[in-house]
Amino acid sequence: MKVIVADSAGFCFGVQRAVEEVENQIKNGRKPVYTYGPIIHNEQVVSSLAEKGVRVIRSEEELGKIHEGTIIIRSHGVPRRIQEIMEKSGADIVDATCPFVKKIHRIAEDAGKTGKVLIIAGDPDHPEVQGIMGWTDGEVHVVRDADEMEKLTLPAGKKAVLVAQTTYNHTKFEDVVAIFRKKEYSCNVNNTVCSATDKRQTEAREIASKVDAMVVIGGRHSSNTQKLYQICSEECAHTYFIETLVDLDMKPFQSFSCVGITAGASTPKSIIEEVTLNVRRNEC
């Protein structure tokens, strides 16, 4: 069996930066150390940090009860209103928002100040998108795909700004942009799909198109990993979505001659290596 591992598999820049910041605060920050929501969408990483004393704040109500220690804003970012609550809490605030997400926050803030409608291509239930929505004081809409963009109607002459969730599918964003331009809004298009996300998705598609089976590793709640699975499934009928090696049944792999492996942006290198090692035991 031949095994092809995607070069782009595993932690992206923003996730790596956030996890390293938590580790730094465990050693040097005011205790206790909190993260607003799980620092990344990976249960293994979150559990490991919990063992080191990191507590997860899961609601605004919980946040309101905290008045000491260190609160870390995760890579997804938070709405401006939540950040302001943190700043008044008395705790130290460490902003680990991905710089690429921060860029979208600035675009959203400017849209509100200049009276423009903000349109976000993404998942309205995702914390990154909810955070972006919270940085504009003006009208905001979230569209999941080109169909929803087609259904969106704005007043004639209304100025609009289009951005994308950083983990949004690049091809789908181009489809949204095409509809956006067709409507002839006075518009401003910002391709804010992270270049690392684009590279990861492109590489996954290329590998999946030439292997017998594809293994996608990542958290079940990870948006970018779900998109990788969708992309790989379109190219390879035998695509498997796992969180860890425990989820992988090796029996079907006895009939495959070539297997591809990729992983979401929140997947630790150690898990990727463990899965790869076990798959390669059948490699010849």
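The values are calculated or read from the model by the stated rules, or taken from the named source; none is laboratory data. Treat the numbers as computed from the prediction; the structure is a model and nothing was measured. Note: ideal-geometry Cβ built from the backbone for every residue, glycine included; neighbour counts use all protein chains shown. Areas reflect the complete protein model, heavy atoms only, side chains present, ligands, DNA and RNA absent. Shrake-Rupley method; radii C 1.70, N 1.55, O 1.52, S 1.80 Å.
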task: Taking the Cβ of THR166 as the centre, find all other residues whose Cβ is under 11 Å away and add up their charges (Lys, Arg: +1; Asp, Glu: -1).
output: 0
- request: Quick one: net charge around VAL117, please, counting Lys, Arg +1 and Asp, Glu -1 for every other residue with C-beta under 10 Å from its C-beta.
  value: +2
- request: Would you grab the residues whose amide H sits under 5 Å from the one on TYR240? Only those 5+ places off in sequence or on another chain, please, with H modelled 1.01 Å from N.
  value: MET214, VAL215, VAL216
Where labels lie 7 Å past Cα in the beta-carbon direction, separation of GLU43 and LYS183 in nm: 3.9 nm
query: What whole-number value in Å² describes the accessible area per residue of region 190-284 for a 1.4 Å probe?
result: 47 Å²
message: Please report the carbon-and-sulfur percent of the accessible area for the chain; probe 1.4 Å, protein heavy atoms only, DNA, RNA and ligands left out.
response: 46 percent
message: With every protein chain kept in place and ligands, DNA and RNA left out, what is the accessible area per residue of region 1-140? Probe 1.4 Å, answer in Å².
response: 46 Å²
- request: Using only the alpha carbon atoms of the chain, find the Kirkwood hydrodynamic radius as the inverse mean reciprocal pair distance, in angstroms to one decimal.
  value: 20.1 Å
task: For LEU118, list long-range residues whose amide hydrogen, built 1.01 Å from N in the peptide plane, is under 5 Å from its own amide hydrogen.
output: GLU139, VAL140, HIS141, VAL161
Pair ASP7, LYS199: separation of 7 Å Cα→Cβ label points (nm): 0.8 nm
Contact order relative to length of region 6-89, as percent, for alpha carbon pairs under 8 angstrom and 6 or more apart: 35 percent
Of LYS151/LYS199; LYS27/LYS199; LYS103/LYS151; LYS27/LYS103; LYS103/LYS159, those spanning more than 22 Å from alpha-carbon to alpha-carbon: LYS151/LYS199; LYS27/LYS199; LYS103/LYS151; LYS27/LYS103
19 Å Cα-Cα reach of LYS113 towards aspartates and glutamates, excluding residues that sit fewer than 8 places from it in its own chain: GLU84, ASP137, GLU139
- request: Extending each Cα 7 Å along its Cβ direction at GLN230 and LYS88, get the distance between those two points in nm, one decimal.
  value: 3.8 nm
query: What order, most packed first, do the peptides 129-138, 43-52, 203-212 have when packing is the mean number of other Cβ atoms within 10 Å of each residue?
result: 129-138, 203-212, 43-52
query: Over the Cα atoms of region 212-284, how large are the radius of gyration and the largest Cα-Cα distance (Dmax), in Å?
result: 11.4, 34
